[in-house]
Every structure is written in structure tokens, then in C-alpha cells.
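In what follows, a structure is listed as C-alpha cells, so that the remarks can point back to it.
The values are calculated or read from the model by the stated rules, or taken from the named source; none is laboratory data. Keep in mind it's a predicted model, so treat the numbers as computed, not measured. Here the Cβ positions follow ideal geometry from the backbone for every residue, glycine too, while neighbour counts run over all protein chains shown. Accessible surface areas use protein heavy atoms only, side chains included; no ligands, DNA or RNA. Shrake-Rupley method; radii C 1.70, N 1.55, O 1.52, S 1.80 Å.
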Amino acid sequence: MSSVLDYLRGRAVPFVVFPDPEADLAEQTAERHGLDVDELVRTEVVSNRFGFALMVVPWDRRLDITLARRAMNDPDARVATREELVDKVPEFEADSWPPLGLFLLMPTFVDREVAGRDQVVFPAGKPGTLVCLQTDELFGDDPVVITALTNE
């Protein structure tokens with residue numbers, strides 16, 4: 001988690017951290033800090049023929065794997081297993097990956113609804129640490145693909 005915060009500091013982007021060391025779920029951390037769950041985004045990790053890719057979607061929506069496959073042009077892509085996620089980055093909890101493609105050296109696909117937000121809040125590797133920053137600061141200079149990844 002501290003590596004995520006160090007990475008953001010190194011990018012010199014302004015961000016706010018919302019900690020809750022006792023939280024088991026990101027929703028608990030958000031609630032404790034008065035954040036609406038609608039502000040949260042989730043990073044789903046998809047396994048494809050080249051490795052892994054990050055799919056950034058609204059917290060309350062599920063990734064549509066058909067749309068993800070189409071975006072990656074890979075009909076065999078699938079959601080990574082918890083075991084694969086732990087093996088890849090042991091310090092992250094499987095449901096708390098940050099949407100930081102350059103940091104993780106993974107291609108990043110962002111749902112259109114997320115890309116249209118002014119700011120986003122996401123877990124920084126643990127459900128008890130949320131980070132908030134401006135969407136354009138998060139994705140502005142990163143090579144991301146903005147596409148439909150969820151159904152409304």
C-alpha cells in the first residue's frame with residue numbers, strides 16, 4: 001500500500017488518503033469517512049493472451065467480460081482468479097487493486113462512466129486505505145483505453 005502512495009507522490013499529483021485500518025471492506029472505509037459508494041471505482045484484473053490487464057469500473061457495477069474481450073480483441077480473456085492476483089502482487093488484497101496501469105506495468109481499460117467523473121476514489125491495495133484524486137490526474141498522461149466495460 002505504501003508503494004502506491006509513494007508512486008502517487010512521485011507523480012506529483014494531489015490526492016487525499018482516507019484510512020481505516022480496521023475495515024475489512026472498502027465500503028466500510030468509505031462509510032466511515034462519509035463517502036458515497038457511488039464515488040468508488042473498482043479495478044478488475046483480466047487475464048489475456050499477453051498477461052494481465054486492468055479494467056476500471058464503477059464500484060456498484062460488474063465488469064461485462066464480453067465487452068472486456070471486445071476491447072482487448074481477445075475472445076479467450078477471463079477474469080483473473082484470486083490465486084493469480086495474490087501470486088502477481090502479494091501485498092494487494094484481491095478486491096483492492098488500484099487502477100494504476102503504469103505502476104503495475106499493465107494495460108488499462110477505463111469504463112466510460114468512470115472516465116467522465118471529476119474525481120475517483122479507489123482502494124490502494126487494502127480495503128482500509130482509499131485514495132481520492134481528480135480523474136484527469138489519474139489517467140491524464142497514462143496510456144489508457146476508454147471504452148464501455150459495463151452495462152447500465
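Based on the convex hull around the alpha carbon atoms, region 18-83 presents an average projected area of 5.3 nm².
The GluC sites (Glu not before Pro) of region 1-108 that meet both conditions, a loop assignment by DSSP and at most 11 other Cβ atoms within 10 Å of the site Cβ, are GLU22, GLU91. The share of Cα pairs per 5 Å bin across the chain, counted from zero up to the longest distance, runs 2, 10, 20, 24, 22, 15, 6, 1, 0 percent.
Where both residues lie in the chain, what percent of DSSP beta bridges are antiparallel, nearest 5? So the antiparallel bridges amount to about 70 percent of the total. The relative contact order of region 1-103 comes to 25 percent, based on Cα pairs under 8 Å that sit 6 or more residues apart. Okay, helix-only estimate at 222 nm for the chain: each DSSP H run of n ≥ 4 adds -39500 (n - 2.57), divide by all residues, round to 500 deg cm²/dmol; what do you get? About -7000 deg cm²/dmol.
Convex hull volume of the Cα atoms of region 91-145, normalised per residue: 82 Å³. Rolling a 1.4 Å probe over the protein chains gives LYS88 an accessible area of about 110 Å². Placing +1 on the Cβ of every Lys and Arg and -1 on the Cβ of every Asp and Glu, with nothing else charged, gives the chain a dipole about its Cα centre of roughly 480 debye.
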